Each structure stands twice: as structure tokens, then as C-alpha cells.
Amino acid sequence: MINNLRVTFLGTGTSQGIPIIGSTHPVCLSDNPKDKRLRVSVLLSWDDYNYVIDCGPDFRQQMLTHNVRHLDGILYTHEHSDHTAGLDDIRPFFFRQGNIPIYAHKRVVESLKTRFGYIFQEKNKYPGAPTVNINFINNNESFKIGNSKVIPINVLHNELQVFGFRLGDFTYLTDVKSIEHKEIEKIKGSKVVVVNALRLEPHISHFNLEEAIAFIKDVNPDKAYFTHISHLLGFHDEVEKILPKNIHLAYDNLTITI
Ligand SMILES: [Zn+2]
């Protein structure tokens, strides 16, 4: 049971981040800090525990910004690079703490083994390479991190299975395009829900703004935050004005307590 779960948005951007390298789009040129979005991830902290959901290419910078001194594990939503490319940067945690636990679908672990073969190598391993302890997540089986139960939520990212996670009154979902009714039932009753809202136009593998709002109306939490945002959604402050009262755009470095 978690009291006072602190959720820190480490990154709230879509796969290229905002600004996009070389882009002259007005949102990419904005000097509002809320329009600068690293690749999507959250830090979950309670008692003395620190877990991250996903570990993308901005992981190192995110850990430095928030002065994270120890890490109890990484939960993976899926294998795409914007959610996994930072795995090598667990090295400082590994050197101090030993093997770092990861929690992921079997398919995601296989993908990590292909991308980061040296991390999973058992013989003649390079001395500076980190080691992880693998914990497989089965589609419908809850599991424990620290002293908390986690309920995996299955969503679809176009045709790819992706995990969302519910911890007590908090549910985090990213890269959702569709979700079955029985999975929505697992989310209902959450006080705070985070879900992706990519842009205004429809997209093959992500909710756009309209779909994300409709989803939140269905789930009906006290509060919702949108993440995994593209520059094509528009300026943070402008989009925030048109959202229903209980929905906000997340932004990098926002911390909420549940
Ligand atoms: Zn993504």
C-alpha cells in the first residue's frame, strides 16, 4: 500500500522530443520551459523507493536534473527506442547498488537483449557493462515493486501490445491507440490517470487530443494529465486553456502527489 506516491514527469515529449533537432516550427522555437519536452518517462517515489517507467534516450539528463541517487527498478511499457534507449546509463546505479531490476513483457526483454547484447552477456562480460535482474510481466498478473502492488494494463499501440501500470489510485498509460473494455475496467476508480495525447490530427498508433479526452471522460478520474506530446499539439499554454477542467497537459519536471 502506497501513501503519498510522488510522480515526477521526467519527460513528456513524443519520440523526437521537443524541440526537434533543426526544426523551425514555432513550438520548437518557444522559450516557454513548458514547451520543452524530453522523451517520455516518469519517476515514481514513495517511502525510500524510486522506480522509473521507461528509460529513454534522455534518462541520464533526467536522473541528473532530479538528483536521483538510487534506483530500485525500471518498468517498461514497450520496446520502442524512445522508451528504452537509455538503458546503458543505469551504470552509475549498477556500480553503487549492484544488479538493477527491470520489469517487462517477455517480448520487450528479447528486444533489449538484441539492442543491448553486452548487458545480458553471461560469459566474458565487459567489466564496465551493467547487469539487470529480469522480471517478466505477464499480461494479466499483478506484481510487486517495493511494498506496492502493480496492475498491468494492456493497451494497443497500433498493433503492438503495450503495458500501462496502475499503482493504487494512480494509472500511467502511454502510446495508447486503443484499449479493450475489460482493460478500461481495471483503470476505473483511479484518482489520477496519465495518458498520451499526441497532436490534433489522428495518428495510426497514438491517441490524438480528441481521443484522449474521450477516453478520460469514459474513465472519469478526479484528474488526468496528458503526455507523449508532439510539437504539433501546439503551445502548452494555449492547449491548456481549451481542456476540460479536470484535464491538464503534463510538462517536464511537474511533480504531483497522490
Ligand atoms: Zn513512444
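The values are calculated or read from the model by the stated rules, or taken from the named source; none is laboratory data. The structure displayed is predicted, hence computed values, not measured ones. Ideal geometry is used to build each Cβ from the backbone, glycine not excepted, and the neighbour counts take in all protein chains shown.
Things to note:
- Top-ranked residue in region 1-23 [being within 16 Å of the ligand (Cβ to nearest atom) and β-branched (Val, Ile, Thr); ranked as nearest to Trp46 (Cα to Cα)]: Thr12
- In region 243-258, the residues that are on the phi > 0 side of the Ramachandran plot form no Cβ pair under 8 Å with any partner that is modelled with pLDDT under 95 and not charged (D, E, K, R), whether six or more places apart or across chains.
- In region 124-162, the residues that are of a type outside the set (D, E, K, R), within 16 Å of the ligand (Cβ to nearest atom) and either closer than 22 Å to Asp89 by Cβ or not in a strand (DSSP E or B) (or both): Asn158
- The set of residues from region 59-83 being closer than 23 Å to Leu160 by Cα and either more than 16 Å from the ligand (Cβ to nearest atom) or of a type in the set (D, E, K, R) (or both) comprises Glu79, Asp82.
- Tally, over region 37-80, of residues that are buried (at least 24 other Cβ atoms within 10 Å of the Cβ) and free of Cβ contacts under 8 Å to residues at least 12 places away in the same chain: 0
- Residue within region 122-137 that is closer than 25 Å to Arg39 by Cα, at pLDDT below 95 and surrounded by fewer than 19 Cβ atoms within 10 Å (Cβ to Cβ) present: no
- Consider region 174-192 and keep the residues that are in a loop (DSSP other than H, G, I, E, B) and either modelled with pLDDT under 95 or not hydroxyl-bearing (Ser, Thr, Tyr) (or both). The one that is surrounded by the most Cβ atoms within 10 Å (Cβ to Cβ) is Asp175.
- Residues that are among the hydrophobic types (A, V, I, L, M, F, W, C) and without any contact (Cβ under 8 Å) to a residue 12 or more places away in the chain were ranked within region 201-242; the one that is farthest from the ligand (Cβ to nearest atom) is Ile242.
- Qualifying residue in region 95-107 (condition: at pLDDT below 95, closer than 24 Å to Pro152 by Cβ and surrounded by fewer than 17 Cβ atoms within 10 Å (Cβ to Cβ)): no
- Applying the condition of being within 21 Å of Ala197 (Cβ to Cβ) and among the hydroxyl-bearing types (Ser, Thr, Tyr) to region 24-57 and asking which residue is farthest from the ligand (Cβ to nearest atom) yields Ser30.
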